[in-house]
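Any read-out appearing in this document is the output of simple, stated calculations on the displayed coordinates, not a laboratory observation. Computed from a predicted model, the values in this text were never measured in an experiment. A quick note on method: Cβ atoms are made from the backbone with ideal geometry, for glycine too, and the neighbour counts reach across all protein chains shown.
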Amino acid sequence: MPKMKTKSAAKKRFRVRPGGTVKRGQAFKRHILTKKTTKNKRHLRGPTGVHATDMGRMAQMLPGRGL
């Protein structure tokens, strides 16, 4: 049986935390920041978790990572 392959894009963008949750980067923080308010940019700071409804997709993209 061949090995299960991890999606290369997923392994670059997500990290599995010890508790089994998945850490992801925040979107909308790269460019065109002049129209965004300071409050909005502040709330986009730092990593956030993947929503529970997407965890099934994460398990498919990251097999063997304890999901």
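Structure notes:
- For the range 58-67, the Karplus equation 6.51 cos²θ - 1.76 cosθ + 1.60, evaluated at θ = phi - 60°, returns couplings of 5, 5, 6, 6, 10, x, x, 9, x, 9 Hz by residue, with Gly and Pro reported as x.
- Number of Lys pairs (Cα under 30 Å; 8 or more positions apart or on different chains) in the chain: 23
- Compactness index (Cα Rg / 2.2 N^0.38 Å), the chain: 1.38
- The chain: relative contact order in percent, alpha carbon pairs under 8 Å with at least 6 residues between: 39 percent
- Per-residue Cβ neighbour rank within 10 angstrom, fewest leading, Arg13, Arg45: Arg45, Arg13
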